[in-house]
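> Just passing along the structure, written as structure tokens.
The values are calculated or read from the model by the stated rules, or taken from the named source; none is laboratory data. Since the structure is predicted, the reported quantities are computational estimates derived from the model, not experimental observations. All Cβ positions, even for glycine, are placed from backbone atoms using ideal geometry, and neighbour counts span all protein chains on display. In case anyone asks, the SASA skips ligands and DNA or RNA and just uses the protein heavy atoms, side chains included. Shrake-Rupley method; radii C 1.70, N 1.55, O 1.52, S 1.80 Å.
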Amino acid sequence: MRQLLSGHGASRGNALGRARVRHPHALEVAEERIPAEAVDAEIERMHEAIALVQAEMQAMRQRLHGALAQEIGEFIDMHALLLDDPELLQGLDQLIRQARFSADYALRLQRDRLAGVFEAMDDPYLRSRIDDIDHVIGRLHAALHRRDADLQGVAGEILVADNVAPSELVQLQAQGVMAIVTAAGSTLSHSAILARSMHLPLVVGAAQALHAINDGDVLVVDGASGLLVVEPNADDLRAYRNRLREEKRERKQLYRLRREPSRTLDGVDIKLFANAESREDVAEAHALGAAGVGLYRTEFLFLQRSELPDEEEQFRAYRDVAIGMTGRAVTIRTLDVGADKADRTGLALTNEPNPALGLRGVRLSLARQDVFETQLRAILRASGYGPVRILVPMITNREEMLAVKRLIKRVTADLRSEGHEIGENIPLGAMIEVPAAAIALPSIIGTVDFISVGTNDLVQYLLATDRGNEALGDLHTPLHPAVLRLLFEVIRTAKRRGKPVAVCGEMAGDPLFTPLLLALGLEEFSLHPGTLLEVRRAIRANDLAALRGNARALLRARDRDAIEDWLRKVSSGGIAAAGH
Ligand code: PEP
Ligand code: MG
């Protein structure tokens, strides 16, 4: 039956496909007993589900090719191994045969038992393997309820799940998943950032999705508006096709701007750098005329695997970005795992009570100098192939910057003595995303060559609103007077000291915010290439002097409504009026 559902659009794009529902592991299954005569059939049902999931994994393994095959293959092999585990399998049979539990409940008991064993382990890496058990058990549970077995292995599926981890996304896309819908999640999470980078449509916060959608239902997903249609009718299909056509037309129009400068109406050139997470991003950034890469999040190299990437592997990845940008600046951010970027290598602690306030970003790098040094060696070696800049995440104070500088100096000397070609005067920058660093910027700025403002985290910490918590609704927003005033001060301090300043949070990639950032004095943006041309179009439609003349009115705004009012006036061309 046709239904309309809605969530938040987190990664644009339209998709039509069949739902693959993944329930949040088999945990919510109530205790259920079956009569003695149903035992054999229930065991048979369980075995069929196991065989189905095994076949599914094998098929997935065979479909893999290219650079990702090894990494993802490892992941799948491990899950296949869990499925072969005699303890798991015999345990399930026993629970059904002897205790006469339903297959579902047996699955839940086995999940809880295995999870208990892992939870009791001291090793944080082994503890983190509970996720793998949940993944496998979740698949088995889905297989037990598959309405339509021929859905297997068919490309064109839309995953409907409670949530999705950044580490899963590549695997899901390799499987042929067309779009993802999650009941939880936020548009600022790293999964959302990665999905945008992969051009994988994503709708988050569709609270009803898991109840309302069944495996095999046909879905139309609009990743921009967050609207979902379950079992679309003819009108919906027409509207979907129209949106596809509209999307294509708009892309074509925007594409004409790829060779145009990012110049305001009054002739000021604004620099647009790209946030690039993959080779495809780098190629796209280059083709669209980005000034360089303003943020290369290295942690994505660390997420889909169980072992740390060594110096050589990292070097090759960074070198390829430097080469790919053909002489334009490439800003490589040092590792920022922790909080919602939980890795599988065991590097980030998994038992911190407050991970967002814990050992993450530069704090983790300074605590694990072996890992940091390996990364710095790789980045510095890449600097022999193009103008590389180093950016340090989660800086809180001056001492951290000084410690990083000392280490870079030593590693550079080591590398030169080993005969490596290292760039001269590699610019070093700090991410300004902790309020203390923003407020105390005058004391930190002397230690850096440039800064980049991470508004995703800055807003999170300034407004005490978890960037990934959908329950907070609109509270995580840059449209707050405190955020605007702090941004204004940060930009002004950097410019007075002659240091380049960019904003690289998601805010910089939203054309709605472009006039606001320009009014606050920003002249460098770093954003995902997916919206680069839209932001360029917004820049070209604005008069910088007029916007700056209205900055005071913006800074006087007392609440979100007043800020939105200012934006509306500016966007409707009533800019002169906005100041009065
Ligand atoms: C930010 O915090 O704004 C940022 C760009 O870094 P990340 O999103 O990777 O935390
Ligand atoms: Mg950040």
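> As an exercise: evaluate Asp281 against (1) more than 16 Å from ligand 2 (Cβ to nearest atom); (2) part of a strand (DSSP E or B); (3) within 16 Å of the chain's Cα centre (by Cα) and give the number of the one condition it does not meet.
With (1) more than 16 Å from ligand 2 (Cβ to nearest atom); (2) part of a strand (DSSP E or B); (3) within 16 Å of the chain's Cα centre (by Cα) applied to Asp281, the lone miss is (2).
> On the basis of being more than 20 Å from Leu366 (Cα to Cα) and part of a helix (DSSP H, G or I), does Asp474 make the cut?
The answer is yes for Asp474.
> Do any residues in segment 453-464 that are assigned to a loop (DSSP other than H, G, I, E, B) have Cβ atoms under 9 Å from those of residues that are near ligand 2 (Cβ under 8 Å from one of its atoms) and among the acidic types (Asp, Glu), where the two are at least six apart or on different chains, and which pairs are they?
Cβ pairs passing all conditions: Gly454/Glu433.
> Looking only at segment 477-508, count every residue that is away from ligand 2 (no atom under 15 Å from the Cβ) and assigned to a loop (DSSP other than H, G, I, E, B) and tell me the total.
Summing the residues that are away from ligand 2 (no atom under 15 Å from the Cβ) and assigned to a loop (DSSP other than H, G, I, E, B) in segment 477-508 gives 7.
> Moving to a separate point now. Looking only at segment 373-403, filter to residues that are of a type in the set (Val, Ile, Thr) and over 24 Å from Asp320 (Cα atoms); which one of those is most open to solvent (accessible area, probe 1.4 Å)? Full working, then the answer.
Here is the first cut: in segment 373-403, the ones of a type in the set (Val, Ile, Thr) are 374, 379, 388, 390, 392, 395-396.
Keeping just the survivors that are over 24 Å from Asp320 (Cα atoms) gives 395-396.
Values: Ile395: 0, Thr396: 37 Å².
Once the filter is applied, the top-ranked residue is Thr396.
> Working only within segment 525-561, note down all residues that are outside any helix (DSSP H, G or I) and over 25 Å from the mean Cα position of the chain (by Cα).
Selection gives Ala541, Asn542, Asp543, Asn550, Ala557, Arg558, Asp559.
> Restricting the search to segment 437-461, which residues are within 15 Å of ligand 1 (Cβ to nearest atom) and aliphatic (A, V, I, L, M)?
Answer for segment 437-461, where residues must be within 15 Å of ligand 1 (Cβ to nearest atom) and aliphatic (A, V, I, L, M): Ala437, Ala438, Ile451, Val453, Leu458, Val459.
> Sort through Ile432, Ile379 and tell me the only one that's modelled with pLDDT of 95 or more, more than 21 Å from Tyr318 (Cβ to Cβ) and either more than 28 Å from the chain's Cα centre (by Cα) or in the same structural domain as Arg492 (by TED's automatic domain parsing) (or both).
Ile432
> Moving to a separate point now. Name the residue that is most open to solvent (accessible area, probe 1.4 Å), counting only residues in segment 165-189 that are part of a helix (DSSP H, G or I) and at pLDDT below 80.
Here the answer is Ala174.
> Consider only pairs whose beta carbons are under 6 Å apart and that are at least six residues apart or on different chains; among these, list those whose first residue lies in segment 485-506 and is farther than 29 Å from Ser11 by Cβ and whose second residue is within 15 Å of ligand 2 (Cβ to nearest atom) and outside any loop (DSSP other than H, G, I, E, B).
Listed pairs, sorted by first residue: Ala494/Ile451.
> If you scan segment 448-472, which residues turn out to be of a type in the set (Asp, Glu) and within 12 Å of ligand 2 (Cβ to nearest atom)?
The answer is Asp457, and nothing else.
> Can you tell me which residues in segment 207-227 are within 18 Å of the chain's Cα centre (by Cα) and crowded, with 19+ Cβ neighbours inside 10 Å?
Result: Gly223, Gly226.
> Further question on the same structure: In this structure, is Ile445 crowded, with 21+ Cβ neighbours inside 10 Å and more than 16 Å from ligand 2 (Cβ to nearest atom)? Before the answer, list the steps.
Working: crowded, with 21+ Cβ neighbours inside 10 Å: yes; more than 16 Å from ligand 2 (Cβ to nearest atom): yes.
So Ile445 fits the description; yes.
> When segment 448-461 is examined, which residues are found to be closer than 21 Å to Arg497 by Cβ and either among the polar types (S, T, N, Q) or surrounded by 19 or more Cβ atoms within 10 Å (Cβ to Cβ) (or both)?
If the condition is that a residue be closer than 21 Å to Arg497 by Cβ and either among the polar types (S, T, N, Q) or surrounded by 19 or more Cβ atoms within 10 Å (Cβ to Cβ) (or both), then Val448, Phe450, Ile451, Ser452, Val453, Gly454, Thr455, Leu458 are the ones that fit.
> If the requirement is being aromatic (Phe, Trp, Tyr), in contact (Cβ under 8 Å) with a residue 60 or more places away in the chain and either away from ligand 1 (no atom under 14 Å from the Cβ) or assigned to a helix (DSSP H, G or I) (or both), which of these qualifies: Phe302, Phe315?
Result of the check over Phe302, Phe315: Phe315.
> Whether any residue in segment 551-568 is at pLDDT below 95 and small (Gly, Ala, Ser) is what I want to check.
The answer is no, given that none of the residues of segment 551-568 is at pLDDT below 95 and small (Gly, Ala, Ser).
> Quick one: which of Ala464, Ala519, Ala438 is within 23 Å of Arg560 (Cα to Cα) and surrounded by fewer than 16 Cβ atoms within 10 Å (Cβ to Cβ)?
Working: Ala519 fails: surrounded by fewer than 16 Cβ atoms within 10 Å (Cβ to Cβ); Ala438 fails: surrounded by fewer than 16 Cβ atoms within 10 Å (Cβ to Cβ).
Of Ala464, Ala519, Ala438, the one residue that is within 23 Å of Arg560 (Cα to Cα) and surrounded by fewer than 16 Cβ atoms within 10 Å (Cβ to Cβ) is Ala464.
> Also, quick follow-up: Among the residues of segment 467-498, which ones are open to solvent by less than 50 Å² (accessible area, probe 1.4 Å) and among the basic types (Lys, Arg)?
Result: Arg467, single match.
> Ok, one more. Restricting the search to segment 322-346, which residues are open to solvent by 10 Å² or more (accessible area, probe 1.4 Å) and away from ligand 1 (no atom under 16 Å from the Cβ)?
Ile323, Gly324, Thr326, Gly327, Arg328, Ala329, Arg344, Thr345, Gly346 - these are the residues of segment 322-346 that are open to solvent by 10 Å² or more (accessible area, probe 1.4 Å) and away from ligand 1 (no atom under 16 Å from the Cβ).
> Return the residue satisfying two criteria in turn: it lies in segment 211-226 and is of a type in the set (A, V, I, L, M, F, W, C) and not in a loop (DSSP other than H, G, I, E, B), and of such residues it is farthest from Glu470 (Cα to Cα).
The selected residue is Val218.
> Next question. Evaluate the following for Arg249: is it part of a helix (DSSP H, G or I), open to solvent by 60 Å² or more (accessible area, probe 1.4 Å) and either within 23 Å of Ile451 (Cα to Cα) or in contact (Cβ under 8 Å) with a residue 24 or more places away in the chain (or both)?
no
> Only one residue in Leu428, Leu391 is within 21 Å of Phe273 (Cβ to Cβ), among the hydrophobic types (A, V, I, L, M, F, W, C) and within 16 Å of ligand 2 (Cβ to nearest atom), so which one is that? Show your work before the answer.
On the way: Leu428 fails: within 16 Å of ligand 2 (Cβ to nearest atom).
That would be Leu391, the only listed residue that is within 21 Å of Phe273 (Cβ to Cβ), among the hydrophobic types (A, V, I, L, M, F, W, C) and within 16 Å of ligand 2 (Cβ to nearest atom).
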